[in-house]
Structure formats: C-alpha cells, structure tokens
Amino acid sequence: MQKLLIKGKKELFGTISISGSKNATLPILAASILSNNGVKLANVPMVKDIFTMLELLKFIGIKIRIKKKQKVIELKNNNKKINTLAPYKLVKTMRAGVLVLGALLTKYKKAKVSLPGGCAIGTRPVDLHLFALKKLGAKIKIKDGYIIAEAKKGLVGSKIKFPSISVGATENALLAAFGAKGKTVLLNCAVEPEISDLISFLKKLGGKIIISGRKITIIGKNFGTKKTYHKIIFDRIEAGTYLIAGALIGKKLVLNKIDTKIIKSEIDTLKKMGVNITNNKNSLSILKTKKLKKINITTKPYPGFPTDLQAQLMVLMTQAQGISKIKENIFENRYMHVPELRRMGAKIEIKNKTAYIFGASRLTGAEVMATDLRASVSLVLAGLIADNRTMVNRIYHLDRGYEFLEKKLQTCKAEIKRI
Ligand code: UD1
C-alpha cells in the first residue's frame with residue numbers, strides 16, 4: 001500500500017496551479033446522461049473519483065474518451081444500449097454515484113441505483129434526494145439495498161422545499177427537473193459554486209434555469225440536442241488546502257487559476273487569523289505568518305466556511321496563540337483527524353460538535369493515517385510543519401480527490417515522496 005513520506009519544516013516557495021473541481025465534475029458527468037449529443041468537458045481533474053464515475057457511466061452505456069494530458073473528457077450518449085442500473089460495486093466507493101438517479105429516471109422513466117450507504121464522516125442518508133424525486137412524481141421503493149424508481153408517464157414539474165440544505169439532493173433534483181414536464185421550483189437549495197457550474201452546464205444543454213438566492217426555477221426540457229462544451233470551475237477546496245499550506249509554511253506561495261471571489265470566506269477567515277495574503281483576482285500569494293491569532297468558526301453551507309476545509313484549518317489553528325474553536329455543523333462524525341493530530345503533539349479537545357484547539361503547539365512527525373479525503377490531507381499539512389518525518393498511510397483517500405498532490409508540493413520545494 002502506498003504512503004507519503006514528508007520531511008517537515010521546508011518552506012514552500014513557488015506557484016501551484018489549482019485543478020478543476022472534482023465536486024463540480026461529478027454531477028456534470030451524471031448530467032451528460034441528459035444529452036442526446038456529444039459533450040466535451042475541459043479542466044477535468046484526473047483523480048480516482050472521476051474515474052469511478054466514468055466507469056459507472058460506461059456501465060450505463062455512455063461512450064467515453066479520456067484525454068488525460070489535456071484534462072479533457074468526451075462523452076456521447078447514443079441512447080441505444082442504455083442500462084438504467086447503477087450497481088453496488090460502483091456506488092459503494094463513491095457516494096456521488098447516486099447522482100445518476102435523477103438523470104436516468106427523468107430520461108428513461110426508470111432507474112435502479114444502489115443505496116450508497118454510510119461513510120466514515122457520517123451516516124449520509126439520501127432521504128432528501130428521494131423526497132424531491134417523489135415530489136416530481138416518481139414511485140420509489142427500497143429493495144435489497146437498491147433504490148428502485150419509476151415514473152411511467154415521466155416526471156412532472158413541482159414546487160419543492162427542501163427541509164434542510166443538501167448539495168447532492170439539490171443536484172439530483174436539478175437533473176430530474178431538467179427532463180420533467182413543466183416548471184419546477186426548488187426552495188432552500190444548496191448554492192455551492194459546484195451547483196452554479198452544474199446549472200451553467202445544464203443551460204448549455206438547453207435548459208432554462210433561473211437562480212435567485214436559495215430558489216432555483218427550472219423549465220423542463222426535452223433532452224439536450226446541442227453539442228456541448230464546458231470548462232469545469234477550479235477546485236475551491238484544493239485552493240483552500242494550499243492557501244492553508246501557505247499560511248503554515250509559505251515563503252511565498254502563489255496559487256493561480258482561481259477566482260478569489262468564490263473563496264472569499266476562506267480568505268477572510270485566514271486574514272482574521274493574521275495571514276498575509278495578497279489578492280489578485282485570479283491568483284493569490286501567501287506568506288507564513290509568525291503570530292497567528294485564534295479564531296472561532298462554524299462550518300456552514302456555501303457561502304459559509306466549508307466543512308471540507310475544517311480539518312485543514314484545524315492544523316493552522318494548532319499554530320495560533322490561544323484557544324480556537326470549530327463547530328462542525330454539517331457532518332456528525334468529522335473529527336477523525338483529531339486523534340492523529342494529537343499523536344503529532346496537537347492539543348485538541350472535543351465536546352459535542354465543537355473542537356477546542358489549544359495553540360500554539362509544536363508538532364512532531366509520526367506515522368499517521370486517516371479515513372477520509374480531507375482528514376488525510378490535514379495530516380499532510382501537519383507533516384509539512386512538523387519536526388522530523390511524518391508518514392501518511394492509506395493515501396488512496398488522497399488520490400480520490402487531490403490531483404498531483406505531492407508533485408505540486410515538490411515543485412514548491414516541499415520534501416515529500418510517495419513510497
Ligand atoms: C457534498 C460534497 C462533500 C461536502 C458536502 C457538504 C460532493 C461529491 N460532495 O456531499 O464533499 O462535504 O457536500 O458541503 O459534492 N443529508 C441528509 N439527507 C440527504 C442528504 C444529505 O440528511 O438525503 C445530510 C448529510 O448527512 C449531511 C448534510 O445533509 O449531514 C449535508 O450533506 P450534503 O450537502 O448532501 O453532502 P453531499 O452532497 O453528500
């Protein structure tokens with residue numbers, strides 16, 4: 001099994017180009033089912049989760065061409081040999097597989113999709129996805145671990161108010177509403193930038209969609225007949241991760257290929273901690289800060305501070321003076337990095353949903369492992385500032401979502417290698 005070996009305390013100096021967003025690409029790939037013509041996607045991050053989704057689409061019957069070097073994926077749905085099934089083996093490793101449900105159901109009037117089940121960070125149900133599809137007229141039953149959905153006469157537009165905000169449920173509802181008859185109004189939606197990117201893709205497919213605050217109106221459409229080209233937005237979580245790396249140990253770390261407006265809450269949070277950031281619209285430069293200030297944050301749906309950066313920010317908080325607090329409001333079990341950070345010397349206590357981080361602590365290298373993507377990368381960040389060597393195990397989690405992680409860091413003079 002591969003591991004990452006990091007020799008800490010090497011200052012980061014150089015430029016990192018931020019990749020395309022994994023979490024934007026996944027629903028857009030599912031949306032390609034809705035097209036009756038060719039789809040070409042650019043700026044696709046070549047990471048494991050994307051390949052898993054492509055495998056699922058191939059199984060369904062979509063023709064796929066991958067141009068790895070150009071970061072381009074071409075997809076074509078010839079509608080002939082369509083399999084409206086998403087099997088367990090392809091959904092279990094990647095929850096986003098459930099996003100094919102809305103697209104298959106609206107286009108082919110039926111779908112059988114494996115329940116994704118729980119994962120390390122929480123139970124992660126799909127009740128909100130099913131709630132929306134039922135409102136659009138789907139008949140749904142759960143049998144043998146599968147969601148079996150049907151809409152014999154097709155889905156019909158409706159007004160749907162989500163009882164709580166969910167990224168995946170908003171995406172599934174959008175895909176389903178795209179092919180539904182008439183108008184759908186979705187209320188209390190997630191409005192993450194990845195959802196805006198999905199909407200701009202659906203508009204290119206020919207959909208009429210209006211977004212106003214947390215309200216999204218979709219006028220149903222008879223499947224995309226236009227050839228569609230779309231460039232995926234940058235990965236704001238990858239950008240936030242390197243932003244924190246720069247704050248921890250940047251001599252001068254520059255991030256480019258980003259839109260700084262989209263990561264305003266992250267930039268503001270770090271600035272409040274005293275981090276030296278120069279903002280130039282499509283790039284940022286960050287310097288390590290000697291005296292970091294404590295801060296309290298709560299993870300929230302966009303535009304709030306993202307749960308996907310909670311673990312990384314916690315590492316920065318270990319270097320701030322005083323007691324910082326994080327309240328994790330999105331997932332119930334997202335502190336698995338804490339025992340590992342403690343083993344590296346961090347002083348962190350957890351009470352209910354809140355983590356108290358007592359800084360500043362000197363971190364020392366250790367052999368560590370994590371059980372999810374963002375927790376794993378927080379250990380890499382800790383390794384970059386720790387004394388001696390840190391060995392991060394189970395890096396297949398990192399490979400699910402970070403493109404060329406060690407290469408990008410090596411370019412900026414980090415001592416990190418895969419063994
Ligand atoms: C997406 C992101 C993930 C991010 C999360 C929150 C992708 C592929 N993944 O995950 O990286 O951490 O948004 O920003 O884009 N919930 C329900 N019922 C449902 C659906 C969700 O109770 O049917 C709950 C979840 O358990 C969680 C909360 O709602 O507590 C938010 O989850 P959601 O926004 O749906 O996250 P994902 O779409 O799974």
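The values are calculated or read from the model by the stated rules, or taken from the named source; none is laboratory data. Quantities reported herein were computed from a predicted structural model and do not represent experimental measurements. All Cβ positions, glycine included, derive from the backbone under ideal geometry; neighbour counts span all protein chains shown. Note: areas computed on protein heavy atoms with side chains; ligands, DNA, RNA excluded. Shrake-Rupley method; radii C 1.70, N 1.55, O 1.52, S 1.80 Å.
Which of the listed residues, 339, 317, 287, is farthest toward the dipole's positive end in the chain, when Lys, Arg count +1 and Asp, Glu count -1 at the beta-carbon? Checked the options; the winner is 287.
Give the ranking of 399, 235 by solvent-accessible surface, highest area first, calculated with a 1.4 Å probe.
Reading off the accessible areas and sorting them downward yields 399, 235.
With the whole protein complex present, residue 110 retains an accessible surface near 110 Å², based on a 1.4 Å probe. Per-residue surface analysis assigns residue 272 an accessible area of about 140 Å², computed on protein heavy atoms at 1.4 Å probe radius. The residues 162, 404, 223, 358, sorted by heavy-atom accessible surface at 1.4 Å with ligands and nucleic acids left out, run 404, 358, 223, 162 from largest to smallest. With a 1.4 Å probe rolled over the protein heavy atoms of all chains, the accessible area of 254, 91 falls in the order 254, 91, largest first.
Which FRET efficiency, nearest 0.05, do residue 185 and residue 115 yield, Cβ-Cβ r, R0 25 Å? Once the sixth-power term is evaluated, E becomes 0.35. A Cβ-based charge dipole, computed about the Cα centre of the stretch 1-96 with Lys and Arg at +1 and Asp and Glu at -1, lands at about 320 debye.
Along the axis of the charge dipole computed for the stretch 129-170 (Cβ charges of +1 for Lys and Arg, -1 for Asp and Glu, origin at the Cα centre), the listed residues 168, 154, 130 are led at the positive end by 154.
Taking all Cα pairs closer than 8 Å and separated by 6 or more residues, the relative contact order of the chain comes to 21 percent.
Taking the alpha-carbon centroid of each part, what is the distance from the stretch 325-384 to the stretch 257-303 in angstrom? The two parts, judged by their Cα centres, are 20 Å apart.
Annotation: the stretch 22-231 has a Kirkwood hydrodynamic radius of 16.6 angstrom, from the mean reciprocal C-alpha pair distance. Within the full protein context, the accessible area of residue 140 is estimated at about 40 Å² for a probe radius of 1.4 Å.
Measuring between alpha carbons in the structure, the pairs from 141/353; 3/67; 40/143; 291/413; 290/407 lying more than 30 angstrom apart are 141/353; 40/143. Computed over the alpha carbons of the stretch 1-143, Rg followed by Dmax gives 17.7, 58 Å. Dipole check for the stretch 22-231: with +1 at the C-beta of Lys and Arg, -1 at the C-beta of Asp and Glu, and the Cα centre as origin, the magnitude is about 740 Debye. What you get for the chain, charging only the Cβ of Lys and Arg (+1) and of Asp and Glu (-1), is a dipole of about 1020 debye around the Cα centre. In this rough spin-label picture, where each label sits 7 Å from Cα along the Cβ direction, the residue 276-residue 296 distance is 3.0 nm.
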